[in-house]
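**Q** One structure, pasted below without further comment.
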Amino acid sequence: MTKRGAALALILLASACGGGQQDAPVKGDPPASPAASALEQAAREAGVVSDTSASPIGLYRSRHEAGLDSLCIVPSDEPGKMRFALEAAFGEQSECHGRGSLRRSGERLVMNFDRSACLVVAGYEGDRVVIPGALDVECAALCNKRGSLEGVSFPRVSREVGVARDARGRDGEKLCL
């Protein structure tokens, strides 16, 4: 073996053994120090950083000049699943509404609408649920006229199950059953 080949083999062997260096932190690893954890907790409490570990159960609402957008999320009888209902208004006659089952997958909420082939994978930011800007064509059936759920976001107004269950829709009926 030449000197060059021996040097290359030694470099490869050293890199395979790690060379004594620690690997870079992987997402999900515990914080490097208790101070970092305290800083992150303080940022969450101050509202600077969203707490995506919190349960999505609650009421989300946004009032705007075209109307009121509402989303309620309540526990389900099925383990690991929840129920939801939503309404989004785009003027007096244009709106979207639907309900179904929901399950959480990390920072995403998988919304499976009843009586529809529409399946939405929404972003969950702790205090806000965001519908993606592009949806399957099946989701258009949830809306009338020129309404669309694409890009609608729902900011959280309550974490209470009772508040979510008592929420009323535009027609005055309970939103979440």
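**Q** Calculate one ³J(HN,Hα) per residue across the stretch 98-104 by plugging θ = phi - 60° into the Karplus curve 6.51 cos²θ - 1.76 cosθ + 1.60, and present them in order as whole Hz with x for glycine and proline.
**A** Listing the rounded values in order: x, 8, x, 9, 9, 9, 9 Hz.
**Q** Name the long-range amide H neighbours of residue 98: under 5 Å, sequence gap of 5 or more, or other chain; modelled H, no Pro or chain starts.
**A** Amide H neighbours of residue 98, under 5 Å, 5+ apart: 86.
**Q** If I model a spin label at residue 64 and residue 134 as a point 7 Å from the Cα along the Cα→Cβ vector, what separation in nanometres do I get?
**A** Taking the two extended label points, one gets 2.1 nm.
**Q** Using only the Cα atoms of the stretch 91-138, construct the convex hull and provide its projected area averaged over every direction, in square nanometres to one decimal.
**A** The directionally averaged projection comes out at 4.3 nm².
Read the figures in this text as sums done on the coordinates, not as results from a lab. In this text the structure is predicted, and so the values were computed from the model without any measurement. Glycine gets a Cβ as well: all are built from the backbone with ideal geometry, and neighbour counts include every protein chain shown.
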